[in-house]
Amino acid sequence: MRKGLLFVFSAPSGAGKSTILNRVIEDDPNIQFSVSATTRLPRKSEVDGRDYHFLDRRQFLDNIKNGKMLEYDIYCDNYYGTLKSAVEEPINKGIDIILEITVPGALQVKKMYPDCIMIFICPPSLQELEKRIRRRGTEDEEVIQRRLEQAAKEMAQANLYDYVVINDDLEKAVREIKQLILENRMKRRSESL
Ligand code: 5GP
């Protein structure tokens, strides 16, 4: 059976990644998000098992020790990681998977899945990014500053990705990503003929 494709997205916090990707998958039954594990506390609207598997540190470290993580990273003092099972099972069933992960996490995935398709979503500018994070209103000032510092570092690594999409217009970014997915599916189809 043909395997699913693995799309790895990274973007600075507040770049609009979740909004774009939710739109990208809403009318596409052949692609799914992988649900990550994290030690971060849930935000008000977040549901365990849907947005993340919310774990305590001990549980997260046990998963690492038991070889259950495909990749993991520490971001603003919390662990975030992808469970191997969350990728392997759907991919083996032919379902395409989306990971939304940090740059170091994406580079770990590339080593394990060299055929994965890496896409970086950029905000139009760091000023715009700051506005968006403040508008979201879910983080306190210290966390905002750290996320902005992290964002500058991440944006400097966008050149490591196969594609860079700039989110200056939501509809345009959604269209571009849908097109990238389509092109890669067509490529897979022609390779398996
Ligand atoms: P947030 O706390 O805003 O949900 O996520 C913070 C950062 O962690 C984002 O850049 C997000 O992409 C990243 N992240 C979420 N899940 C994972 C994961 O499984 N692995 C890695 N390496 N990063 C993740």
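Computed from backbone phi with θ = phi - 60° and the Karplus coefficients 6.51, -1.76 and 1.60, the 3J(HN,Hα) list for the range 44-56 is 3, 7, 8, 10, 4, x, 9, 8, 8, 8, 7, 10, 8 Hz; x is used for glycine and proline. Bridgeable lysines around Lys93 (alpha carbons under 22 Å apart, same-chain partners fewer than 8 residues away excluded): Lys3, Lys68, Lys84, Lys110, Lys111, Lys178, Lys187.
Take the Cα of Arg2, step 7 Å toward its Cβ, do the same at Arg146, and the gap between the two points is 4.4 nm. The string of couplings for the range 57-64 from the Karplus curve (6.51, -1.76, 1.60, θ = phi - 60°) is 4, 4, 4, 5, 5, 4, 4, 5 Hz, one whole number per residue in order, with x for Gly and Pro.
Work out, step by step, the length gained on full extension between Glu88 and Lys178: first 0.36 nm times the residue separation, then minus their alpha carbon distance; give nm to one decimal.
The span from Glu88 to Lys178 would gain 30.1 nm if fully extended.
Loop-located trypsin sites (Lys or Arg not before Pro) in the range 32-73 (DSSP state not H, G, I, E or B) with no more than 12 neighbouring Cβ atoms inside 10 Å: Arg43, Lys44, Arg50.
With R₀ fixed at 25 Å, the C-beta to C-beta distance from Arg134 to Ile74 puts the FRET efficiency at about 0.55. Given 10 °C and 1.306 mPa s, compute D for the chain with the Stokes-Einstein relation, Rh being the Kirkwood radius over Cα pairs; round to the nearest whole µm²/s. The estimated diffusion coefficient comes to 92 µm²/s.
Taking amide hydrogens as placed 1.01 Å from N in the peptide plane, the amide H of Gln32 sits under 5 Å from those of Asp96, Ile97, Ile98, each at least 5 positions away in sequence or on another chain. Rolling a 1.4 Å probe over the heavy atoms of the protein chains gives the range 73-193 an accessible area of 55 Å² per residue. Rolling a 1.4 angstrom probe over the chain with all protein chains present gives an accessible area of which 50% lies on carbon and sulfur atoms. With a Förster radius of 25 Å applied to the beta-carbon distance between Ser45 and Arg23, the computed FRET efficiency rounds to 0.90. Along the range 21-36 the Karplus relation, 6.51 cos²θ - 1.76 cosθ + 1.60 evaluated at θ = phi - 60°, assigns HN-Hα couplings of 5, 4, 5, 5, 8, 4, 10, 10, x, 9, 9, 9, 7, 8, 8, 7 Hz to successive residues, with x for each Gly and Pro. Using a Förster radius of 41 Å, what is the FRET efficiency between Lys65 and Leu126 based on their Cβ-Cβ separation? Nearest 0.05, please. Efficiency, from the Cβ-Cβ distance: 0.65.
Taking amide hydrogens as placed 1.01 Å from N in the peptide plane, the amide H of Ile121 sits under 5 Å from those of Ser10, Ala11, Val165, each at least 5 positions away in sequence or on another chain. Taken along its three principal axes, the alpha carbon spread of the range 63-144 comes to 40, 28, 20 Å, from the longest extent down to the shortest.
The values are calculated or read from the model by the stated rules, or taken from the named source; none is laboratory data. This structure is a prediction, so every number in the text was calculated from the model and none was measured. Methodologically, a virtual Cβ is constructed for each residue, glycine included, from the backbone with ideal geometry; neighbour enumeration extends over all protein chains shown. All accessible areas refer to the heavy atoms of the entire protein, side chains included, with ligands and DNA or RNA removed. Shrake-Rupley method; radii C 1.70, N 1.55, O 1.52, S 1.80 Å.
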